[in-house]
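Peer 1: Here it is, the structure in full.
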Amino acid sequence: MTTALLDSISEALDAPTQDRASPDVPPEIALTGVGALASRFDVTGLATASVAAAGVELARLAASAKGVIPGVSVDRRLASMWFGFSIRPVGWSLPSPWDPIAGDYRVQDGWIRLHTNASHHRAAALSVLGVPGEKAVPAEKKDVESAVAGWTGEALEAAVVAAGGCAAQMRSEAAWRVHPQGVAVRGEPLIAWRTLPCSKPIRREGPSRAPLAGIRVLDLTRVLAGPVATRFLAAYGAEVLRLDPPDWDEPGVVPEVTVGKRCAGLDLEGAADRERFERLLADADVLIHGYRPGALARRGYDEARIREINPGLVDVALCAYGWTGPWRERRGFDSLVQMSGGLAEAGMRLSGSERPTPLPVQALDHATGYLMAAAALRGLWLRRHRGLAATARLSLARTAWLLAESGLAPPAPALAAESVSDLAAGVEPTDWGPARRLRFPLRVEGCVAKFAQPARALRSAPAEWSAQGR
């Protein structure tokens with residue numbers, strides 16, 4: 001299944017040029033490692049294929065002047081493990097990534113999932129349900145269960161979404177196939193590309209073992225998919241500057257995804273910060289963002305304005321439910337898309353469980369993140385070799401469809417238990433304490449994955465590019 005998934009991903013990456021038969025296509029990818037994540041879906045195949053796709057694009061960009069492409073290999077077991085958490089705290093613990101109210105609840109006609117990790121999303125859900133919940137007296141899950149039980153799934157989903165919250169009724173794959181948003185998503189490409197001529201060159205610091213040295217990446221993403229993409233780029237030498245608004249936090253995942261990056265804060269509602277943002281954008285090579293369709297435009301930064309500021313930018317973005325259809329502006333997360341798109345219902349049905357059975361990891365987030373990294377690298381290649389500025393659009397829902405249509409997972413043994421040999425050398429002095437990391441699952445000949453700095457807290461650095469290099 002890995003081969004079929006990788007073929008689909010490669011076809012999506014090749015769409016701007018349709019040059020799959022060109023002589024720079026690398027040799028067959030070497031796969032190592034055994035075992036698979038426990039799932040009816042081929043989650044390990046998706047992990048392997050998405051990491052491999054990013055590796056192939058890295059190798060393509062790192063090709064020598066003679067056109068020799070470095071070899072690529074992926075460890076299936078480590079790729080599966082990186083789809084969970086790569087960080088291993090030493091003497092401290094990560095906070096739970098989930099708010100106490102977040103979870104699956106029974107409704108009159110099935111199940112619904114409430115996503116309440118963000119305080120304003122929690123407040124929206126509780127207000128709809130009429131459940132009080134203040135910092136001094138937090139809401140109780142049992143009270144939420146009682147309130148939810150009086151609703152139908154579709155009605156509660158609509159009410160929470162209308163209130164500015166995040167919820168997803170559990171639907172079957174068959175129901176999603178005929179749902180207007182499901183129809184729209186299936187009609188979208190895995191990666192939607194737009195290109196236009198551009199003469200702006202890629203600037204680099206000079207000779208370096210890091211293939212992305214000198215590449216500047218502006219990161220406007222949250223939680224997992226986008227941060228996974230920029231973490232990959234940081235691992236191979238890109239300077240990643242993450243920007244967050246003043247009031248945003250995600251304590252359960254920040255230590256996992258900020259490694260290798262500098263994290264700053266800007267408020268795009270303020271004139272001074274907007275001016276600084278535009279200066280940063282003008283000197284970036286890649287912009288990766290996770291705003292819902294139209295959200296950046298409402299802040300004054302539609303695609304035309306972004307291109308006006310930086311004509312040569314590689315612009316890569318994701319959303320939850322797709323870029324067309326009635327839900328294109330709907331807030332969403334991996335766990336919600338699994339509920340909407342039939343994955344949780346299929347898992348429940350195929351396993352004989354009485355509850356929604358999601359994938360064992362946030363596979364849609366992680367896979368989409370590696371696909372975004374691959375798209376960013378292909379965009380850099382297009383600018384360097386074809387004189388094209390590229391825009392790429394991806395979504396969690398379209399990645400879910402890729403996984404669903406790949407069929408059930410082939411038989412495979414369980415992943416072997418983690419051992420010390422799975423950890424990279426050295427201790428990472430994060431802002432929360434010392435930690436170890438899993439070894440990187442990808443090997444690209446001549447390119448070493450190495451994070452320039454440990455994981456840092458949000459807004460811990462100034463909003464400026466490094467003074468080194470340019």
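The values are calculated or read from the model by the stated rules, or taken from the named source; none is laboratory data. Keep in mind it's a predicted model, so treat the numbers as computed, not measured. Quick reminder, even Gly has a Cβ in these numbers, built from the backbone with ideal geometry, and neighbours come from all protein chains shown. In case anyone asks, the SASA skips ligands and DNA or RNA and just uses the protein heavy atoms, side chains included. Shrake-Rupley method; radii C 1.70, N 1.55, O 1.52, S 1.80 Å.
Peer 1: Looking only at residues that are farther than 20 Å from ALA79 by Cβ and of a type in the set (A, V, I, L, M, F, W, C) in segment 355-395, which one is farthest from the chain's Cα centre (by Cα)?
Peer 2: LEU388
Peer 1: Quick check: anything in segment 361-382 among the charged types (D, E, K, R) and open to solvent by less than 10 Å² (accessible area, probe 1.4 Å)?
Peer 2: Yes, some residue in segment 361-382 is among the charged types (D, E, K, R) and open to solvent by less than 10 Å² (accessible area, probe 1.4 Å).
Peer 1: Which count do you get for residues in segment 242-253 that are closer than 17 Å to ASP431 by Cα, surrounded by fewer than 24 Cβ atoms within 10 Å (Cβ to Cβ) and not acidic (Asp, Glu)?
Peer 2: 3
Peer 1: Taking VAL72, is it touching an Asp or Glu at 6+ places or on another chain (Cβ under 8 Å), at negative phi and crowded, with 24+ Cβ neighbours inside 10 Å?
Peer 2: For VAL72, the condition - touching an Asp or Glu at 6+ places or on another chain (Cβ under 8 Å), at negative phi and crowded, with 24+ Cβ neighbours inside 10 Å - is met.
Peer 1: Here are some conditions: (1) more than 20 Å from ALA52 (Cβ to Cβ); (2) in contact with a Leu (Cβ under 8 Å, 6 or more places away or on another chain); (3) open to solvent by 10 Å² or more (accessible area, probe 1.4 Å). SER351 meets all but one. Which one does it not meet?
Peer 2: Tallying (1) more than 20 Å from ALA52 (Cβ to Cβ); (2) in contact with a Leu (Cβ under 8 Å, 6 or more places away or on another chain); (3) open to solvent by 10 Å² or more (accessible area, probe 1.4 Å), SER351 fails exactly one: (2).
Peer 1: So, one more: Taking into account only those residues within segment 325-340 that are part of a loop (DSSP other than H, G, I, E, B) and out of contact with any strand residue (DSSP E or B) (no Cβ under 9 Å at 6 or more places or on another chain), which is surrounded by the fewest Cβ atoms within 10 Å (Cβ to Cβ)?
Peer 2: Checking each candidate, the answer is PRO326.
Peer 1: Let me ask something else. Would you check which residues across segment 265-299 are more than 17 Å from ARG393 (Cβ to Cβ), open to solvent by 10 Å² or more (accessible area, probe 1.4 Å) and not in a helix (DSSP H, G or I) and list them?
Peer 2: GLY265, LEU266, ASP267, LEU268, GLU269, GLY270, ASP283, ARG299
Peer 1: Looking at segment 328-350, I want the residues that are farther than 22 Å from HIS120 by Cα and modelled with pLDDT of 95 or more and have a partner that is open to solvent by 10 Å² or more (accessible area, probe 1.4 Å) and acidic (Asp, Glu) with Cβ atoms under 6 Å, at least 6 apart or on another chain. Which pairs are those?
Peer 2: Close Cβ pairs satisfying both conditions: GLY342/GLU173; ALA346/GLU173.
Peer 1: Considering only segment 177-188, I want to know if a residue exists there that is touching a strand residue (DSSP E or B) at 6+ places or on another chain (Cβ under 8 Å), open to solvent by less than 60 Å² (accessible area, probe 1.4 Å) and not β-branched (Val, Ile, Thr).
Peer 2: yes
Peer 1: Turning to a different aspect of this structure: Which of the residues belonging to segment 34-63 are part of a helix (DSSP H, G or I) and open to solvent by 10 Å² or more (accessible area, probe 1.4 Å)?
Peer 2: Within segment 34-63, VAL56, ARG60, LEU61 meet the criteria.
Peer 1: Let me ask something else. Within the group PRO413, PRO462, which residue is more than 24 Å from ASP219 (Cβ to Cβ) and either touching a strand residue (DSSP E or B) at 6+ places or on another chain (Cβ under 6 Å) or open to solvent by 20 Å² or more (accessible area, probe 1.4 Å) (or both)?
Peer 2: PRO413
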